[in-house]
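Step one of this worksheet: look at the structure below.
The values are calculated or read from the model by the stated rules, or taken from the named source; none is laboratory data. As the structure is a prediction and not an experimental result, all values here were calculated from the model. Neighbour counts are summed over all protein chains in view; Cβ atoms, including those assigned to glycine, are modelled from backbone coordinates with ideal geometry. Accessible surface is based on the protein model in full, side chains and every heavy atom, while ligands, DNA and RNA are left aside. Shrake-Rupley method; radii C 1.70, N 1.55, O 1.52, S 1.80 Å.
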Amino acid sequence: YLTKDLPADAERISIPVAAGTELAGLVFHPGAANDTGYWILQLHGNADSAFSPWQLRHCQAIRRAGFGVMDIDYRGFGMTPGIASEAGMYEDAEAAYKALVMRGVPPSRVILLGHSLGAGPAVLLATRHRAAALVLFGAFTSIPDAAADTYPLLPVRYAASVQFDSLARMSDVHMPVIITHSRTDTLVPYSHALRLFAQANEPKLLLTFESPANDGFGGHVDTLFEHLDELKSALAGMLPPQAPAREL
């Protein structure tokens, strides 16, 4: 399902990480006509890749909305070799953030966007680094909580070795936070968004999508990217305007 013929506006990148491995990723530069001056570091969800048709579609939508975007494959995902792990995803998100800053994007212009499983590393990054804002889409409070919702009769909450406990970390995030979720999400219940939002510090905003996208998952995959105008308006109300960034 990975796309070999990339769009003309996509720049393929490699980011060195531990043990000689390089993360595969893509950069989409903002268009000059509507450049907001902000860049989005997109941390995608499970069973996905920056090189999948839908991720390419999502990144192009972000670019059309006036943002630069960097999207990477964690180790064990998509085009990046290795074994997937919680610790590895945290390290890979850290490497991507530093790579974007090294390209000349100031932290004050970086928006951390975590989708689904990618919300875990996005939240941890937000506790460790400066950024303009944290945006979570289709996020769960933790893996044990999500597993308990899916398998309520099994003791999965106590057996899950992978945690991604975003709820426990939200109070340590001190930047604008936007929680976005489809109320009809069939993979991660809307209640996770409510709990994350309640735990977040001000300034914060809960952006709820009432009608699901036609993605087969109640809007868990596509909804935000079909309503980026709403996210752009929400960010404009929380962040200072920026002059277009120089070419990076």
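Output the residues belonging to region 52-67 that are surrounded by fewer than 22 Cβ atoms within 10 Å (Cβ to Cβ) and outside any helix (DSSP H, G or I). SER52, ALA65, GLY66, listed by residue number. When PHE164, PHE225, PHE209, PHE197 are checked against the criterion of being at positive phi and open to solvent by less than 70 Å² (accessible area, probe 1.4 Å), PHE164 stands alone in meeting it. Among the residues of region 198-212, write down those that are in a helix (DSSP H, G or I) and farther than 15 Å from MET175 by Cβ. Once the filter is applied, which keeps residues that are in a helix (DSSP H, G or I) and farther than 15 Å from MET175 by Cβ, region 198-212 yields only ALA198.
Restricting attention to region 213-231, the residues that are assigned to a helix (DSSP H, G or I) and in contact (Cβ under 8 Å) with a residue 24 or more places away in the chain total 7. Every condition in (1) at pLDDT 95 or above; (2) in contact with a helix residue (DSSP H, G or I) (Cβ under 8 Å, 6 or more places away or on another chain); (3) more than 15 Å from GLU86 (Cβ to Cβ); (4) not β-branched (Val, Ile, Thr) is met by PRO212 except one, and the failing one is (1). Among the criteria (1) in contact with a Leu (Cβ under 7 Å, 6 or more places away or on another chain); (2) under 21 Å from GLY66 (Cβ atoms); (3) part of a loop (DSSP other than H, G, I, E, B), the one ALA234 does not fulfil is (3). Would you check if LEU41 is buried (at least 24 other Cβ atoms within 10 Å of the Cβ), outside any loop (DSSP other than H, G, I, E, B), touching a Ser or Thr at 6+ places or on another chain (Cβ under 6 Å) and on the phi < 0 side of the Ramachandran plot? No; evaluated as a whole, the condition is false for this residue. If the condition is being open to solvent by less than 10 Å² (accessible area, probe 1.4 Å) and part of a loop (DSSP other than H, G, I, E, B), then region 68-88 contributes ASP73, TYR74, THR80. Does ASP172 qualify as being of a type in the set (Asp, Glu), within 24 Å of LEU206 (Cα to Cα), modelled with pLDDT under 95 and open to solvent by 10 Å² or more (accessible area, probe 1.4 Å)? Considered against the rule, which asks whether it is of a type in the set (Asp, Glu), within 24 Å of LEU206 (Cα to Cα), modelled with pLDDT under 95 and open to solvent by 10 Å² or more (accessible area, probe 1.4 Å), ASP172 comes out as no.
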